[in-house]
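Working notes for the structure below.
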Amino acid sequence: MHQKSIFSILVAFTLVSMLSACGIFGSSSKADQPLNSNLALKESRGSVTGGEGLFGMGGSKDKDSNGGGIGVNSFLWRATLDTLAFMPLASADPFGGVIITDWYEDPKTKGERFKVNALILDKTLRADGVKITLFKQKMDANGNWRDVEVNSHVARDLENTILTRAREMRLAQNSK
């Protein structure tokens, strides 16, 4: 019984230490926080609800060049999702700009599969606004998947396809 109480105290102390290190209990000094931290964070990330506020009622009237409620350029985001639509999605974070696919095996090329990590880097539509990391595996004779080096041109071609699609989407929206 004595060991359980020591263990409980140790666990509680560890949790409190971790939470205070994360800032859960607030900062001990106002000097640790920038004066305009909320404003700086909002400007760097954008509004959760877009430029119109919650449910389009109120909020900022300024329109972002990216089209609103996500943290990255909406044209790059949608173009990336469109381009990777044939692959199963493992994760998609529109505020952080991260899209991760699950492994995809083309039925025409059995024993070879691909996975894509896409990172949208900016709120503006720029040539360097998307970064693709491509992973490839091949099945060996024992039925185990082995990593294989991917030609860097393939990832670059995928980035160019996404950029072209994003530009097309922007032109289509501007012509309306």
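The numbers here are math on the coordinates, done by the rules we state, and not lab data. The structure displayed is predicted, hence computed values, not measured ones. Ideal geometry is used to build each Cβ from the backbone, glycine not excepted, and the neighbour counts take in all protein chains shown.
In terms of modelled amide H atoms, which long-range or inter-chain residues lie less than 5 Å from the amide H of Ala90?
It is Ile100, Thr101, Asp102, by chain and number.
What distance in nm lies between label points placed 7 Å from Cα along the C-beta direction at Trp103 and Gln173?
3.6
Could you tell me what percent of the DSSP beta bridges with both partners in the stretch 74-174 are antiparallel, to the nearest 5?
Rounded to the nearest five, the antiparallel share is 100 percent.
Highest mean first, what order results for 146-154, 94-102 on Cβ atoms within 10 Å? Don't skip to the end; give the middle numbers.
Values: 146-154: 10.1, 94-102: 17.0.
Ranked by mean Cβ neighbours within 10 Å, highest first: 94-102, 146-154.
Full extension from Asp82 to Phe135: what is 0.36 nm times the residue separation minus their Cα-Cα distance, to one decimal in nm?
Numbers: separation 53, 0.36 × 53 = 19.08 nm, distance 1.91 nm.
Result: 17.2 nm gained on full extension.
Met169: net charge of surrounding residues, Cβ under 11 Å, Lys/Arg +1, Asp/Glu -1, itself excluded?
+2
In whole Hz, with x marking every Gly and Pro, tabulate ³J(HN,Hα) for the stretch 127-140 from phi via Karplus 6.51 cos²θ - 1.76 cosθ + 1.60, θ = phi - 60°.
5, 9, x, 9, 10, 10, 10, 10, 10, 9, 9, 10, 7, 8
Using amide H atoms built 1.01 Å from N in the peptide plane, name the residues 5+ places from Asp122, or on other chains, whose amide H lies under 5 Å from its own.
Asn73
Give, as a single signed number, the net charge of other residues whose beta carbon lies under 13 Å from the beta carbon of Leu81, with Lys and Arg counted +1 and Asp and Glu -1.
Net charge in that neighbourhood comes out at 0.
How far, in nm, would the chain grow between Asp128 and Leu89 when pulled straight, counting 0.36 nm per residue and subtracting the alpha carbon separation?
Here the segment from Asp128 to Leu89 would lengthen by 11.7 nm.
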